[in-house]
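Visitor: Attaching a single structure in structure tokens format; questions to follow.
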Amino acid sequence: MRKKIALVGAGQIGQNLAMLAAQKELGDIVILDVPSYVNMAKGKALDLMEMAPHGNYDANITATGDYKDIKGADVVIVTAGKPREAGMTREDLLNVNIKIITDVAAGVKQHAPEAFCIIVTNPLDAMVYCFHKLTGFSKRQVVGMAGTLDTARWRSFIAMELGVSVEDVAGTVLGGHGPDMVPLPRLTTVGGVPLCEIAAKEVIDRLLTRTREAGTEIVKLFGKGSAFFSPAWSAIAMAESYLKDKRRVLPCAALCEGEYGVKGLFIGVPCLISSKGVEKIFEIKLTDEEKAQLAKTVSSVTKTVEETRTVSV
Ligand code: APR
């Protein structure tokens with residue numbers, strides 16, 4: 001039997017998730033959105049079914065406004081929520097999106113309690129925290145998509161700067177999904193060659209700043225809305241690792257219970273994603289400077305999570 005993937009949110013990221021999941025034949029796809037958007041979602045599902053002969057995939061793609069239809073989903077990817085507009089921070093979305101996540105958590109808890117849940121909605125670190133708390137799901141089962149995207153951006157900017165294949169750039173980004181995230185140049189390599197040995201400090205500093213501001217760079221260009229291709233691909237990489245037990249090690253927002261000195265918060269850390277979900281968090285020995293940077297991002301995430309407690313839903 002085919003796997004089942006539920007996409008909660010049929011907007012820009014949701015539609016790209018559906019297309020990628022179909023093209024990769026990850027399973028049958030159900031797209032869920034609010035009643036006023038269900039027809040649009042149904043149109044997108046039908047359009048994707050009609051793309052199948054040229055896309056060369058077998059997948060049943062449907063849309064719904066009813067959580068009953070996500071029953072039995074193996075994976076749920078949540079993009080329901082408002083995206084940023086120019087001049088907004090991710091945190092500015094908190095008041096609106098926490099209400100949406102509360103609604104989504106109730107629906108997923110009731111109808112897909114076994115699913116591996118990937119949260120994409122911003123402010124990411126706070127939304128994944130709330131979703132986990134509201135559902136009571138295990139920590140293996142709930143994860144936030146942020147570090148996978150931040151690392152993809154870091155790798156892309158390095159490849160663009162050095163004129164090398166992005167395939168050969170390896171690295172990781174720790175921390176929250178905000179401007180104080182922590183890319184790690186010390187552990188970044190280009191075909192096995194340490195980045196710090198082939199790029200000047202000023203160049204690395206420029207790439208670090210661009211990575212931290214990458215989401216905002218796109219929001220400024222769009223004017224309205226935020227990135228959608230790269231977030232969709234990042235979430236699909238995580239879903240695929242779970243569904244196919246690929247055991248990829250991807251930076252994800254996972255519940256830390258002592259790792260990196262963090263307790264009870266979802267923070268971007270390198271995670272082994274297997275058919276068990278978040279099977280393991282890898283701890284890296286950080287330098288004092290990196291530890292200080294991580295402490296700063298943890299304090300920003302703590303502040304946003306605390307704000308969620310003051311919002312009435
Ligand atoms: N239940 C289901 N879907 C909902 C709900 C809800 N309660 N509330 C809103 N939605 C849907 C909207 O109707 C819309 O179709 O979520 C979709 C969001 O799509 P877009 O506005 O296009 O936003 P998108 O670019 O996909 O980003 C979604 O991901 O990266 C984050 O910051 C981004 O928080 C934003 C989210």
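Visitor: Taking only region 2-11 into account, find how many residues are touching a strand residue (DSSP E or B) at 6+ places or on another chain (Cβ under 6 Å) and more than 13 Å from the ligand (Cβ to nearest atom). Step through it out loud before you land on a result.
Guide: Applying the first criterion (touching a strand residue (DSSP E or B) at 6+ places or on another chain (Cβ under 6 Å)) to region 2-11 yields 2, 4-8, 10.
Next, only the ones that are more than 13 Å from the ligand (Cβ to nearest atom) stay: 2, 4-5.
Count: 3.
Visitor: Gly277 - would you say it is at positive phi and at pLDDT below 95? Talk me through it step by step, then tell me what you get.
Guide: Values: at positive phi: yes; at pLDDT below 95: no.
Considered against the rule, which asks whether it is at positive phi and at pLDDT below 95, Gly277 comes out as no.
Visitor: Output the qualifying pairs, or none if there are none: Cβ atoms under 8 angstrom, residues six or more apart or on different chains, first residue in region 96-119 and open to solvent by 10 Å² or more (accessible area, probe 1.4 Å), second residue among the basic types (Lys, Arg) and more than 11 Å from the ligand (Cβ to nearest atom).
Guide: His111/Lys68; His111/Lys71
Visitor: Another one. For region 43-66, check the following and say yes or no: at least one residue is open to solvent by 20 Å² or more (accessible area, probe 1.4 Å) and under 20 Å from the mean Cα position of the chain (by Cα).
Guide: Within region 43-66, none of the residues are open to solvent by 20 Å² or more (accessible area, probe 1.4 Å) and under 20 Å from the mean Cα position of the chain (by Cα).
Visitor: Let me ask something additional. Can you pull out the residues in region 172-182 that are more than 19 Å from Glu217 (Cβ to Cβ) and over 14 Å from the mean Cα position of the chain (by Cα)?
Guide: The one that is more than 19 Å from Glu217 (Cβ to Cβ) and over 14 Å from the mean Cα position of the chain (by Cα): Thr172.
Visitor: Inspect all residues belonging to region 160-168 and state whether any of them is open to solvent by less than 60 Å² (accessible area, probe 1.4 Å) and either within 19 Å of the chain's Cα centre (by Cα) or of a type in the set (Ser, Thr, Tyr) (or both).
Guide: yes
Visitor: OK, next. Quick one: in region 271-294, which of the residues that are of a type outside the set (A, V, I, L, M) and open to solvent by less than 10 Å² (accessible area, probe 1.4 Å) is farthest from Ala126 (Cα to Cα)?
Guide: That would be Ser274.
Visitor: Could you grab me the full set of residues in region 183-194 that are in a loop (DSSP other than H, G, I, E, B) and either among the basic types (Lys, Arg) or buried (at least 16 other Cβ atoms within 10 Å of the Cβ) (or both)?
Guide: Leu184, Thr188
Visitor: What is the number of the single condition among (1) open to solvent by less than 10 Å² (accessible area, probe 1.4 Å); (2) of a type in the set (S, T, N, Q); (3) free of Cβ contacts under 8 Å to residues at least 60 places away in the same chain that Thr297 does not meet?
Guide: In the conditions (1) open to solvent by less than 10 Å² (accessible area, probe 1.4 Å); (2) of a type in the set (S, T, N, Q); (3) free of Cβ contacts under 8 Å to residues at least 60 places away in the same chain, Thr297 misses (3) alone.
The values are calculated or read from the model by the stated rules, or taken from the named source; none is laboratory data. This is a predicted model, so every value here is computed, not measured. Neighbour counts run over all protein chains shown; Cβ positions are idealised from the backbone, glycine included. For accessibility, only protein heavy atoms count, side chains too; no ligands or nucleic acids. Shrake-Rupley method; radii C 1.70, N 1.55, O 1.52, S 1.80 Å.
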